[in-house]
């Protein structure tokens with residue numbers, strides 16, 4: 001039997017030398033083949049990203065040129081031209097304060113068109129007044145601004161460096177008060193006394209009989225109170241809220257049982273814990289001598 005030898009590389013069925021046809025695929029196609037999306041989808045995504053980029057650039061340019069604000073102002077002016085302009089201001093809630101500054105602030109606007117009035121700015125400017133605890137500003141179409149004021153209530157007078165001011169229960173200064181027009185309110189005396197008005201109110205709140213007789217309260221040495229009553233006595237309280245509250249509560253209890261007030265005693269000194277020193281009025285030519293007593 002004769003053997004037939006087949007020569008490699010010859011004939012029509014022979015494999016070509018070098019790389020196969022599959023191995024000659026270009027690199028980008030290989031990468032695309034491995035990508036999870038088709039080439040058409042990738043092109044579409046690229047186009048959308050380009051569109052979003054253009055939109056972002058246009059938006060930034062519009063903001064930089066204040067185009068939205070200009071459009072809004074133009075629209076507001078157009079509404080104003082149609083008859084919606086500020087022609088009146090209605091102020092509510094002013095019983096004690098002068099209402100003229102409220103009108104002045106409400107009318108002091110860059111634009112008269114009602115939609116363009118900055119109601120938040122009006123409110124912030126009104127809150128700078130001591131009388132104004134809160135303010136609500138609203139538009140009432142077609143042509144009115146409504147300003148509703150919540151006033152603070154005066155609670156005391158504060159005297160410091162020969163100046164007399166009206167304050168509320170939190171010590172906020174409301175207005176200057178001439179001596180000739182002093183209202184019938186308790187008087188707080190001394191530097192910083194107004195800042196401790198809330199503390200004083202809390203001290204007197206549980207003791208209505210003492211509070212009703214309070215004529216003035218002096219803030220002594222930036223640390224404690226001397227209370228002067230309408231009956232003429234002065235009560236010297238110790239430092240510290242707790243110590244002052246305890247001493248004053250004991251004094252009020254003793255006054256209820258023994259009637260300390262209204263007997264001509266000038267001063268009750270409660271600064272030493274557990275003791276009370278009283279000062280009696282002097283007879284003509286007599287030296288004043290404090291009289292110590294025990295609080296029990």
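The values are calculated or read from the model by the stated rules, or taken from the named source; none is laboratory data. In this text, all values refer to a predicted model and were calculated from it rather than measured experimentally. When we count neighbours, we look across all protein chains shown, and the Cβ atoms used for this are built from the backbone with ideal geometry, even at glycine.
Is it the case that residue 249 is at pLDDT 95 or above, surrounded by 19 or more Cβ atoms within 10 Å (Cβ to Cβ) and assigned to a helix (DSSP H, G or I)?
Judged against the criteria, residue 249 is not a match.
Return the total of residues in region 256-265 being farther than 12 Å from residue 235 by Cα and either in a loop (DSSP other than H, G, I, E, B) or touching a residue at least 12 places away in the same chain (Cβ under 8 Å) (or both). Please lay out each step first, then the result.
Here is the first cut: in region 256-265, the residues farther than 12 Å from residue 235 by Cα are 256-259, 262-264.
If we keep only those that are either in a loop (DSSP other than H, G, I, E, B) or touching a residue at least 12 places away in the same chain (Cβ under 8 Å) (or both) too, we end up with 256, 259, 262-264.
Counting residues in region 256-265 that are farther than 12 Å from residue 235 by Cα and either in a loop (DSSP other than H, G, I, E, B) or touching a residue at least 12 places away in the same chain (Cβ under 8 Å) (or both) gives 5.
Quick test for you: out of 202, 212, 195, pick the one residue that is surrounded by 14 or more Cβ atoms within 10 Å (Cβ to Cβ), out of contact with any strand residue (DSSP E or B) (no Cβ under 8 Å at 6 or more places or on another chain), outside any loop (DSSP other than H, G, I, E, B) and assigned by TED's automatic domain parsing to the domain that holds residue 260.
Among 202, 212, 195, only 195 is surrounded by 14 or more Cβ atoms within 10 Å (Cβ to Cβ), out of contact with any strand residue (DSSP E or B) (no Cβ under 8 Å at 6 or more places or on another chain), outside any loop (DSSP other than H, G, I, E, B) and assigned by TED's automatic domain parsing to the domain that holds residue 260.
Where in region 140-188 are there strands (runs of 3 or more DSSP E), lying fully within it, with 3 or more residues that are under 25 Å from residue 213 (Cα atoms)?
Passing ranges, in order: 154-160, 163-168, 173-176.
Find the residue count for region 260-290, including only residues that are more than 46 Å from the chain's Cα centre (by Cα) and either within 28 Å of residue 208 (Cβ to Cβ) or modelled with pLDDT of 90 or more (or both).
Number of matching residues: 6.
Yes or no: residue 226 within 39 Å of the chain's Cα centre (by Cα), under 30 Å from residue 155 (Cβ atoms) and either at pLDDT 95 or above or not in a loop (DSSP other than H, G, I, E, B) (or both)? Break it down into steps so the answer makes sense when it comes.
Details: within 39 Å of the chain's Cα centre (by Cα): yes; under 30 Å from residue 155 (Cβ atoms): yes; either at pLDDT 95 or above or not in a loop (DSSP other than H, G, I, E, B) (or both): yes.
When the stated conditions are applied, residue 226 passes them.
Working only within region 206-222, note down all residues that are within 28 Å of the chain's Cα centre (by Cα) and modelled with pLDDT under 95. Break it down into steps so the answer makes sense when it comes.
Quick first cut of region 206-222, residues within 28 Å of the chain's Cα centre (by Cα) only: 219, 222.
Scanning region 206-222 gives a single hit, 222.
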